[in-house]
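The values are calculated or read from the model by the stated rules, or taken from the named source; none is laboratory data. It should be emphasised that the depicted structure is a prediction, and the values quoted were computed from it without experimental measurement. Virtual Cβ from ideal backbone geometry, glycine too; neighbours counted across all protein chains shown. These accessible areas exclude ligands, DNA and RNA; they are computed on the full protein's heavy atoms, side chains included. Shrake-Rupley method; radii C 1.70, N 1.55, O 1.52, S 1.80 Å.
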2 protein chains.
Amino acid sequence: MMSVPLYEAKAELFRLLGHPVRIRVLELLQDGPLPVRDLLSAIDVEPTGLSQHLAVLRRSGMVTAHRDGSTVVYALAGGDVADLLRAARKLLTQKLSGQSQLLSELLDTETSVR
Amino acid sequence: MMSVPLYEAKAELFRLLGHPVRIRVLELLQDGPLPVRDLLSAIDVEPTGLSQHLAVLRRSGMVTAHRDGSTVVYALAGGDVADLLRAARKLLTQKLSGQSQLLSELLDTETSVR
DNA sequence: CCGCCAATTGCGAAAGTTCGCAATTCGTGA
DNA sequence: TCACGAATTGCGAACTTTCGCAATTGGCGG
């Protein structure tokens, strides 16, 4: 049954999330399912590139796809991807505000530095 | 001031987390600061490899390092990395339990399939 | 049935990542 | 000062990922 250590799976998950187009897709799908066409017009990417990124997300079970007429509609597979994105946003905004704070301290001539 | 879109930053963050050794390091540091030596004995990696991964985490501001005598001690930089790891664990355990459920359904000869 | 549009897949070139070896830095004790 | 151990850095080879082009699939209207 050759099981994979949990930290390998976690790394894999993060690696799969580590592309701007895939992040964009997941963010857009947070507000509900969308056809490929709409994703395509919202994201700056070629159709073929989008398909490939969607395939990655599908294979890893983060999104589901179904045909509706001649279009294909994608949706988030589980509710918890959103948690992950939220945690990432939180960390980033905190980090960025920390940086700008540091920056303004560095630029602030009033700040006494010994 | 050439700012980076937030989704780029997010993708970058996930990409940086997408390596088993780096995940392992962050998990170990959740219980408090550790010297490189201890990380080295806990993780299956060469010293030089560990250094490189630590450098990645340092550059991206996820951990901090300081010398204490002849050893270097690493610590988590902000409390929110833990949130991210927790969200990942949650998603994975859910996903895995879903898989094993599906698997047993597939293997279960009693299950009627039309 | 045919042509068209939406989406996907196969494939090869380019770009990026990881790994270990050799060399370097830094601090400590002889 | 010298040798040593801890940790890091530079560098090149092996591997993985990404990208766009060309070809393919599947559904729909004429």
Original post:
Among the numbered criteria (1) out of contact with any Phe, Trp or Tyr (no Cβ under 9 Å at 6 or more places or on another chain); (2) more than 14 Å from every other protein chain (Cβ to nearest Cβ); (3) within 14 Å of DNA strand C (Cβ to nearest atom), which single criterion is violated by B:G32?
Top reply: (3)
Original post:
Going by the structure shown, is B:S70 more than 16 Å from A:G18 (Cα to Cα), out of contact with any strand residue (DSSP E or B) (no Cβ under 6 Å at 6 or more places or on another chain), open to solvent by 70 Å² or more (accessible area, probe 1.4 Å) and not aromatic (F, W, Y)?
Top reply: yes
Original post:
From the residues in the range B:10-29 that are away from DNA strand C (no atom under 14 Å from the Cβ) and within 7 Å of chain A (Cβ to nearest Cβ), which one is modelled with the lowest pLDDT?
Top reply: B:K10
Subject >> Contacts under 7 angstrom Cβ, first residue in the range A:40-59 being within 14 Å of chain B (Cβ to nearest Cβ), partner basic (K, R) and more than 9 Å from DNA strand C (Cβ to nearest atom), 6 or more apart >> reply: A:I43/A:R24; A:H53/A:R22; A:V56/A:R22; A:L57/A:R22
**OP:** Working carefully through the options B:L57, B:L40, find the one that is open to solvent by less than 40 Å² (accessible area, probe 1.4 Å) and not assigned by TED's automatic domain parsing to the domain that holds B:L85.
**Re:** B:L57
